[in-house]
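Only one structure is covered here, and it is reproduced in the block below.
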Amino acid sequence: MALVIVLGAQEKVWAEEQPVSPSAQRVETQHAQARTMARRVTASGRWVAREEVTVMAPLDSVRVREVLADVGMRVQQGQVLARLERNALSAQLEQSQQGIQRSRAERVHAQSHMKETASALERARRLQPDGAISTQELEAATAAYASAQAEYEQAQAAVKQMRAQTEAARIQLAHAEVRAPVAGLIVQRQVQTGALVNAQTPLFTLVRDGELEFSAQVPASVLSDISVGMPAQLTLSSRHLPGQVRQVAAAVDSDTGYGDVRITATDGALSRLRAGTAGSAQLSLDERQALALDARALRYGNDGRSTYVFVVGADQRVKRVDVSTGGRDGEWVEISHGVTPQDTVVLAGAALLSEGERVEGVPLATHTTTSVQP
């Protein structure tokens, strides 16, 4: 009898020390919360030149005598980038100048001849009424003056033509020095000393003023929600830069289903950044109030389509509840259907749970802190 009493007392002690069945699994729990959810889109892309300027060869069939610029150089507007052979151009200019002198001399001669024929015509007109000269002589004087006048006009046109040729030769000679059309950063050099270039042959590529911007590839489904001036957060390696949308594509690439959004950095030095560098951009499309859960509470069915959570009932047993999700904001996921703020949802430790299993719930706030992405 004494032994039975002792064993009974011991069982009572054990029961007080272990109020929950040893089979109950310890889990962290959380209640769905009403939060301000921001609908965000994260897009990958590359840093590109805001405006590229291609420097072309201004002359045809000319060799490059000297290259004065290279990739990575920052140049000023009007700075000489390369020099072309100019011997033939100098000779052409000299010939044009000599042609002007000849045409001017011919014009002087034609002008003198025209004056002589004009005087002869005037004399014939005075004498013809008195019968001093015949009608045929008057007509001959008139024809001589018309011919001399035409000759002078041709000489005058020749002078103008030679002036135009001389000016063209002078311009071509000036083009023997290839100059930067704008200030910027040289990102490509397509010419070598001694190369034979033709008109419109690319020689250099400049980034105007060295300005780069981020080219983000955005899905067509959200492209219409993005507008010029919208703020963005740019990520480059471990750096985060504030940005602003400058341009939104008017059309979507039919092959990829993505559109191009250009974003400029509004703060932060980009002097060491190189065109073609990969990165990402995050844009906040809108904000709204919604019921949300920590993403760790979500479980996914074997079909890959269904989403569910475990809800702890009053009997401390879990029940699988299918939920419908919406947008995601950092670690929080919108729950549009399935749970209420009163439901206790298993957050962590549910990996091996099954329907109806008994659990011991520990509220998340008493165990750990959840960080929320800004």
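The values are calculated or read from the model by the stated rules, or taken from the named source; none is laboratory data. What you see is a predicted model; the values in this text were computed from it and never measured. Heads up, the Cβs are rebuilt from the backbone with ideal geometry, glycines too, and the neighbour counts pull from every protein chain shown. These accessible areas exclude ligands, DNA and RNA; they are computed on the full protein's heavy atoms, side chains included. Shrake-Rupley method; radii C 1.70, N 1.55, O 1.52, S 1.80 Å.
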*Using the structure shown, decide if residue 78 is small (Gly, Ala, Ser) and part of a loop (DSSP other than H, G, I, E, B).*
yes
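Answer with yes or no whether residue 133 is outside any helix (DSSP H, G or I) and either free of Cβ contacts under 8 Å to residues at least 24 places away in the same chain or β-branched (Val, Ile, Thr) (or both).
Numbers: outside any helix (DSSP H, G or I): yes; either free of Cβ contacts under 8 Å to residues at least 24 places away in the same chain or β-branched (Val, Ile, Thr) (or both): yes.
For residue 133, the condition - outside any helix (DSSP H, G or I) and either free of Cβ contacts under 8 Å to residues at least 24 places away in the same chain or β-branched (Val, Ile, Thr) (or both) - is met.
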*asked:* Just the residues that are open to solvent by less than 50 Å² (accessible area, probe 1.4 Å) and in a loop (DSSP other than H, G, I, E, B), please, taken from region 178-198.
replied: 180, 182, 183, 191, 194, 195
*Checking residue 221 against (1) without any contact (Cβ under 8 Å) to a residue 12 or more places away in the chain; (2) surrounded by 15 or more Cβ atoms within 10 Å (Cβ to Cβ), which test does it fail?*
(2)
*Answer residue from region 158-177, given it is modelled with pLDDT under 80 and touching a Ser or Thr at 6+ places or on another chain (Cβ under 7 Å) and is surrounded by the most Cβ atoms within 10 Å (Cβ to Cβ) among those*: 169
*Given the conditions (1) among the small types (Gly, Ala, Ser); (2) open to solvent by 40 Å² or more (accessible area, probe 1.4 Å); (3) within 18 Å of the chain's Cα centre (by Cα), which single one is not true for residue 249?*
(2)
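Given 168, 195, 158, 180, which one is in contact with a Lys or Arg (Cβ under 9 Å, 6 or more places away or on another chain), more than 16 Å from residue 63 (Cα to Cα) and not hydroxyl-bearing (Ser, Thr, Tyr)? Steps first, answer last, please.
On the way: 168 fails: in contact with a Lys or Arg (Cβ under 9 Å, 6 or more places away or on another chain); 195 fails: more than 16 Å from residue 63 (Cα to Cα); 180 fails: in contact with a Lys or Arg (Cβ under 9 Å, 6 or more places away or on another chain).
Step by step, each of 168, 195, 158, 180 is checked, and only 158 is in contact with a Lys or Arg (Cβ under 9 Å, 6 or more places away or on another chain), more than 16 Å from residue 63 (Cα to Cα) and not hydroxyl-bearing (Ser, Thr, Tyr).
Say whether the condition of being under 30 Å from residue 232 (Cβ atoms) and modelled with pLDDT under 90 is met by at least one residue in region 103-120.
Here is the first cut: in region 103-120, the ones under 30 Å from residue 232 (Cβ atoms) are none.
Taking every residue of region 103-120 in turn, none turns out to be under 30 Å from residue 232 (Cβ atoms) and modelled with pLDDT under 90.
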*asked:* All but one of (1) in contact with an Asp or Glu (Cβ under 9 Å, 6 or more places away or on another chain); (2) crowded, with 17+ Cβ neighbours inside 10 Å hold for residue 127; state the number of the condition that does not hold.
replied: (2)
_Test: residue in region 79-97 that is more than 30 Å from residue 179 (Cβ to Cβ), in contact with a helix residue (DSSP H, G or I) (Cβ under 7 Å, 6 or more places away or on another chain) and not aromatic (Phe, Trp, Tyr)_ = no
*For residue 343, are the conditions met, namely being at pLDDT 90 or above, exposed (fewer than 14 other Cβ atoms within 10 Å of the Cβ) and closer than 18 Å to residue 295 by Cβ?*
no
*Would you mind telling me which numbered condition in (1) surrounded by 11 or more Cβ atoms within 10 Å (Cβ to Cβ); (2) over 19 Å from residue 222 (Cβ atoms) residue 244 fails?*
(2)
_Members of region 37-50 found to be assigned to a strand (DSSP E or B) and either of a type outside the set (Ser, Thr, Tyr) or open to solvent by less than 70 Å² (accessible area, probe 1.4 Å) (or both), listed by number_ = 37, 38, 39, 40, 41, 43, 45, 46, 47, 48, 49
_Among the residues of region 159-177, are any touching a strand residue (DSSP E or B) at 6+ places or on another chain (Cβ under 7 Å) and over 30 Å from residue 246 (Cα atoms)?_
yes
*What is the residue count in region 71-112 for residues that are touching a Lys or Arg at 6+ places or on another chain (Cβ under 6 Å), surrounded by fewer than 15 Cβ atoms within 10 Å (Cβ to Cβ) and on the phi < 0 side of the Ramachandran plot?*
2
*Scan (1) closer than 22 Å to residue 77 by Cα; (2) touching a residue at least 24 places away in the same chain (Cβ under 8 Å) for the single condition residue 174 breaks and write down its number.*
(2)
*Candidates 315, 267, 303, 255, filtered to the one that is under 22 Å from residue 347 (Cβ atoms), open to solvent by 70 Å² or more (accessible area, probe 1.4 Å) and either free of Cβ contacts under 8 Å to residues at least 12 places away in the same chain or out of contact with any Ser or Thr (no Cβ under 7 Å at 6 or more places or on another chain) (or both)*: 315
